[in-house]
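All of the numbers you see were taken from the coordinates with simple rules; none came from a lab. Bear in mind that the values here come from a model prediction, so they are computed numbers and not experimental data. In this analysis, Cβ positions are derived from the backbone assuming ideal geometry, glycine residues included, and neighbour counts consider all displayed protein chains.
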Amino acid sequence: MLFLAVFCGFLAENFREHKIEHQRAEDYAMSLMEEVVGDTMALNHSISYYKTKTENIDTLIGFLAGNIKQIPGGALYYFADMAMYNNQIIFNKTTLLQLINSGALRYFTNRKLIKCIGEYDQILQKVENSENSAQTILMEARSLQFKIFDFRFKNMYSNGQALNSISSDSILLIKKIQFPLITDAPAMLSEFTSWLNMRRANLKINMNVRLIDAQNKSRELITLLKKEYHLE
């Protein structure tokens, strides 16, 4: 009888611990899914944003490759500004890091889900590394931009507003105004163009590879979490 009582107590305690761990897994799954959904929205926005930025850079590079004296200074100022706007993604990885660093992944029993979480973490790290590289390239390009474009003229037409928030009619007017450059020295413009080409290449890799990989993996992870824990 004593053995039976001890054995039943062991089963009850084991059942209680299993129930607690399952509840913890559900809580982690819900929290992780909320973060990944938010990150997916940020990825979608960034892919669209980078597409516009690369188009702006393409236009500016085309201008710099021709006779810039025949191009209104306002157009050069506009596309130089637009090419330099940045959209660095900051992922919400609170739950993800907690799962990985605290050993809480043990609460999940689906091996495919665990593998997907690890792959998602690795992809986000690659995106963040690419974003850091993009920042370095951007700073180099901006340092040359400040030597070529006089930002006093930007204040005259933007009034402190970002160019992408100004009305389309105002933008058309800006592009026609003859704002002078600080310098149109070929060597300086050539160096600036080289950094623009590097920025374009970096953004395209991010947009077409890193961000797409993260987007696809985030969708896969959301699907697995929903299926495993019946989340909506």
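See the values below:
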read-out: Ordering of 52-64, 177-189 by packing [mean C-beta count within 10 Å, highest first]; value: 52-64, 177-189
read-out: Two-site FRET efficiency, E232 against D58, from Cβ-Cβ distance with R₀ of 45 Å, rounded to 0.05; value: 0.60
read-out: Sites Q125 and I71 - FRET efficiency at Förster radius 41 Å, r taken between beta-carbons, to 0.05; value: 0.50
read-out: Residue-span extension gain [S31 to E220] - 0.36 nm each, minus C-alpha spacing; value: 66.4 nm
read-out: Footprinting exposure proxy for S31, S130 (fewest neighbouring C-beta atoms within 10 Å first); value: S31, S130
read-out: Extension gain (nm, one decimal) between M139 and N87, 0.36 nm per residue minus Cα-Cα; value: 17.3 nm
